[in-house]
1. For the structure I just gave you, tell me whether residue B:172 is within 22 Å of residue B:63 (Cα to Cα), among the hydroxyl-bearing types (Ser, Thr, Tyr) and either open to solvent by less than 50 Å² (accessible area, probe 1.4 Å) or within 14 Å of chain A (Cβ to nearest Cβ) (or both).
2. So which of A:25, A:42 ends up being away from ligand 2 (no atom under 16 Å from the Cβ), more than 15 Å from the chain's Cα centre (by Cα) and of a type in the set (S, T, N, Q)?
3. Please list, ordered by first then second residue, the pairs with beta carbon atoms under 7 Å, 6 or more apart or interchain, first in region A:125-148 and within 18 Å of residue A:175 (Cα to Cα) and free of Cβ contacts under 8 Å to residues at least 12 places away in the same chain, second among the hydrophobic types (A, V, I, L, M, F, W, C) and in a helix (DSSP H, G or I).
4. Of all the residues that make up region A:45-61, how many are within 9 Å of ligand 1 (Cβ to nearest atom) and either under 14 Å from the mean Cα position of the chain (by Cα) or open to solvent by less than 10 Å² (accessible area, probe 1.4 Å) (or both)?
5. So for region A:62-70 (the condition being away from chain B (no Cβ under 14 Å), open to solvent by 10 Å² or more (accessible area, probe 1.4 Å) and touching a Gly at 6+ places or on another chain (Cβ under 8 Å)), does at least one residue qualify?
6. Among the residues of region B:175-205, which ones are within 14 Å of chain A (Cβ to nearest Cβ) and of a type in the set (Gly, Ala, Ser)?
7. Which of the residues spanning region A:71-100 are open to solvent by 20 Å² or more (accessible area, probe 1.4 Å), more than 10 Å from every other protein chain (Cβ to nearest Cβ) and either more than 18 Å from the chain's Cα centre (by Cα) or closer than 22 Å to residue B:184 by Cβ (or both)?
Amino acid sequence: MTSTVLELHSLARSFGGIKAVQDVSFTLRKGEIVGLIGPNGSGKTTLVNCITGVHKPTAGKVVFYGEDVTKQKPHQAAQRGLCRTFQIVQPFPEMTVRENVAAGALFAQKINSLSKALDKADEYVNFVGIHEMADIPAASLTLANRKKLELAKSLAMDPKVLMLDEVNAGLNSGEIIGALNLIKKISQKGISIIIIEHLMKVIMTLSERIIVLHNGELIAEGLPTEIINNPQVIKAYLGEKFAKRLMEEKND
Amino acid sequence: MLKTANIIFILWVTVLITTPLYAENYIVRAAIMVAMFSSLALSWNIIGGYAGYPSLATAAFVGLGSYVGAVSQVNGVTMLFSWVLATISVGVVSSLLGVLLLRLRGHYFAIGSIVLVELFRLIASSWSSVTGGGNGLNIPILRWDPSTVASFFLSVMILLMILTYMMNIFVSNNRLGFGLKCIKQNEDAANMVGINTTLYKVIAFMLSATLCGTVGAVYASWSGYIDPTESFQIVLTLKVAVMAMLGGAGTILGPVIGASTFVVLEEIVWVNFLDWNRAILGILIVMIIFFLPNGIIKLGILRIFKEKLNQKFKDNIK
Ligand SMILES: Nc1ncnc2c1ncn2[C@@H]1O[C@H](COP(=O)(O)OP(=O)(O)O)[C@@H](O)[C@H]1O
Ligand SMILES: [Mg+2]
């Protein structure tokens, strides 16, 4: 049996009257890749924000390796290894690529010396394949490379759980293939991954399991084939035609 | 290895400390002011330059230091120990205020910090039983001959200038400085890579304030008299921030260059146009914003100096 890394117990978060996330329970195991899908505004980003301490849940619990971490601050989540990339990339614009990545190693991994953190950074800059840009400011990277930088920075934090919030949005198909391979490589390191993604192809290729949010509620959870055949999911998110096409592609 | 910035700093300190040997009194006085304002601008640099939080609380902590120093001296504490007391008090008060104030960001923080100056001034003028209120306080002065007194205070201020310079070097080579730079560029992302941003900002604010307290206490002992309006001046608060930005905020040498340029201009040129003082300050602020956003240091002075220095080394080797 593989060990449980993260558990959500009836997690909820409201903003004023809006219930962005309600009664979500879910378990993440070591090394698995879980797809998180749902229409825009269904609460995917809010769920990640609750797990990483950005938002305090209004009800429910977040449990990480058996420890109740519901009330943690973002920096504590980072130091624990609950790491995420942002839907809108968040670099330190005037720092070099290497320094950006070093920040992850220096603070989340609590590496004490700056030069050690920079050495560590090189490792991850190489891993995601942006070593040629190591010494230029993050602001001058292309979008695809900025997304790789986000990945490298998160990896430098030595994550136990990595939450990828639409890392592929805005990339062309060639770039997406590169990103897919990268995510697979990351998963092979034993890091559990929650991937938020609109491209069903990506989700179907990567995920071992899929969970579906709709209006903040978890409406389905299961294997990819189960999900694309789930009538509720088809109604709320995929649509009849698209679900059929996905099935056919899967059978081919 | 000594960096170019350090060489320039050492040369400049040497020039300042030797003024009593060759220069007239008013030059020695200007040297004291240069050292004092360099200390203040270097202190400001930690919160304003590295962390990017433009604090306008400098005068509040200088004034608080003056008052703690003066009140303890009036109550029989020795001069040296009164300076220590001032330093510790400002360190403690600034950490507490930092916890409150650093919930604010950007302009709100700047406004919140400048309010401290007025608040402290009001307290100093109302709490007459301790502070003497609007009448101010007379502080026992050193009964040495005037030139010895000047040399003494020059040495003390230069010592503070060196301390604040070393504090800047320490911070910028440390994870604290790296974290502050991250906060300046993207505070949310800084939080997300595991930086305890609140703690880092409070530490930066405290480091920025503490030696301002010492400067205030030393200044009080030097001048022999303090009162609320002189001790808590909004103009002083603005000047220090302008000096740091003029020289180059977020660099180690910038605040020294800015403070020195400003004081030399003020003491030697502007004394003849006293009525224009504030107008000139205003014009300078506008000029910096438009023409010198990165300060004098980015004009390439360092580079030119470095090249000269390298040339000298080469010549010597030949
Ligand atoms: N900080 C916030 N303040 C107010 N409402 C928010 C905030 N964040 C998200 N919401 C609301 O919560 C709901 C879910 O949003 P979000 O989690 O961003 O959805 P998704 O990522 O699935 O597109 C939306 O209705 C959104 O408007
Ligand atoms: Mg989202």
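1. no
2. One residue alone meets the criteria, A:25.
3. These pairs meet every condition: A:131/A:125.
4. 5
5. Scanning region A:62-70, I find at least one residue that is away from chain B (no Cβ under 14 Å), open to solvent by 10 Å² or more (accessible area, probe 1.4 Å) and touching a Gly at 6+ places or on another chain (Cβ under 8 Å), so the answer is yes.
6. B:177, B:179, B:189, B:190, B:194 - these are the residues of region B:175-205 that are within 14 Å of chain A (Cβ to nearest Cβ) and of a type in the set (Gly, Ala, Ser).
7. Of everything in region A:71-100, those that are open to solvent by 20 Å² or more (accessible area, probe 1.4 Å), more than 10 Å from every other protein chain (Cβ to nearest Cβ) and either more than 18 Å from the chain's Cα centre (by Cα) or closer than 22 Å to residue B:184 by Cβ (or both) turn out to be A:71, A:88, A:96, A:98.
To keep it simple, each residue is scored yes or no on (1) modelled with pLDDT under 90; (2) open to solvent by 30 Å² or more (accessible area, probe 1.4 Å).
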| residue | (1), (2) |
| --- | --- |
| A:102 | no, no |
| A:108 | yes, no |
| A:123 | no, yes |
| A:133 | no, yes |
| A:143 | yes, yes |
| A:162 | no, no |
| A:165 | no, no |
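The values are calculated or read from the model by the stated rules, or taken from the named source; none is laboratory data. Remember, predicted model here, so these are calculated numbers, not experimental data. Note: ideal-geometry Cβ built from the backbone for every residue, glycine included; neighbour counts use all protein chains shown. For the accessible areas, the whole protein counts, side chains as well, though only heavy atoms, and no ligand, DNA or RNA atoms are used. Shrake-Rupley method; radii C 1.70, N 1.55, O 1.52, S 1.80 Å.
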